[in-house]
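Here's the structure, in structure tokens; my notes come after.
What follows is calculated from the coordinates using simple rules that are stated; it is not laboratory data. Predicted, not measured: the structure shown is a model, and the values here were computed from it. Note that we place each Cβ from the backbone using ideal geometry, even for glycine, and neighbour counts take in every protein chain shown.
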Amino acid sequence: MTRHMRTRVALTTTLAMLLAYHELRRVVIPEHLHFAANTAMIGVVALPAMAASMTAAELGLRRADLMKGLRYGSVAVVAVGVATGAAMLLGATDAVFVEQRTSFDLGEMLFQVFVEIPVATVLLEELAFRGVVAGLFERVLGAHAALASSALVFGLWHVSPSDFTSASRLAGALGTIAVTAVAGAGFHLMKRRSGSLLAPAMAHWATNGVTLAVSWLAVRAVG
């Protein structure tokens with residue numbers, strides 16, 4: 001099998017696996033097993049990359065780029081933390097959203113911020129979308145189309161078929177796709193500029209974990 005054919009097969013397989021897992025997690029896998037399932041899925045999405053002989057540079061895992069990725073990622077973490085803190089101080093956050101993300105104790109918050117989010121969310125999604133999917137798309141379509149394609153797939157990852165069953169749900173789904181696709185494009189550009197998957201991984205962790213920690217602390221400081 002030629003390299004081009006192996007790339008296409010790996011890309012199709014990766015997208016099919018992600019779609020299947022997305023629905024299995026939504027419909028079949030109990031919520032208390034999501035952490036374990038997501039963690040196991042990290043190894044699964046690496047298999048097509050190995051089959052297509054993707055390089056460390058394509059995946060953003062080259063050791064030489066690690067420090068540059070750390071610099072880009074650190075800036076993102078600080079920026080997100082400052083922006084979240086300012087939004088909380090100014091009251092520019094949705095009350096229901098804040099309540100949902102802060103209605104648990106310190107231990108649960110620390111587990112989510114330092115274990116569940118970085119491992120079961122960030123590591124899986126960055127390897128899958130900015131590493132494997134983006135790298136394979138770039139082989140097939142070129143750099144610019146890879147950015148758009150991988151961002152769109154990342155956006156679709158955050159919705160489900162049930163979100164398209166009514167006009168009101170459709171509007172919300174399209175909004176979610178748009179926001180997460182833009183975030184995905186930003187993460188992709190960070191990887192491209194730094195050469196390292198660490199940069200978007202840190203930015204992704206910041207948007208999920210740092211915002212959670214800052215919100216949790218801010219609510220208790222006010223309370």
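Brief remarks follow.
- Long-range Cα-Cα pairs in region 178-220 (distance over 16 Å), rounded percent: 44
- Extension gain, Glu31 back to Phe164 (0.36 nm per residue minus Cα-Cα distance, nm): 45.7 nm
- The C-alpha radius of gyration of the chain, expressed as a fraction of 2.2 N^0.38 Å, stands at 1.05.
- The eigenvalues of the Cα gyration tensor, multiplied by 5 and square-rooted, give region 1-127 an equivalent ellipsoid with semi-axes of 33, 22, 13 Å from largest to smallest.
- Theoretical FRET efficiency, 1/(1+(r/R0)^6), r = Cβ-Cβ of Ala56 and Phe111, R0 35 Å, to 0.05: 0.70
- One compactness figure for region 81-205 is 1.19, namely its Cα radius of gyration divided by 2.2 N^0.38 Å.
- The Rg/Rh ratio for region 1-63 is 1.07, where Rg is the radius of gyration of the alpha carbons and Rh is the Kirkwood radius.
- Contact order for the chain, expressed relative to its length and based on alpha carbon pairs under 8 Å spaced 6+ residues apart, stands at 35 percent.
- Subtracting the Cα-Cα distance of Leu89 and Val44 from their residue separation scaled by 0.36 nm leaves 12.0 nm.
- Once the C-beta distance of Leu141 and Phe104 is scaled by a Förster radius of 35 Å, the resulting FRET efficiency is 0.25 to the nearest 0.05.
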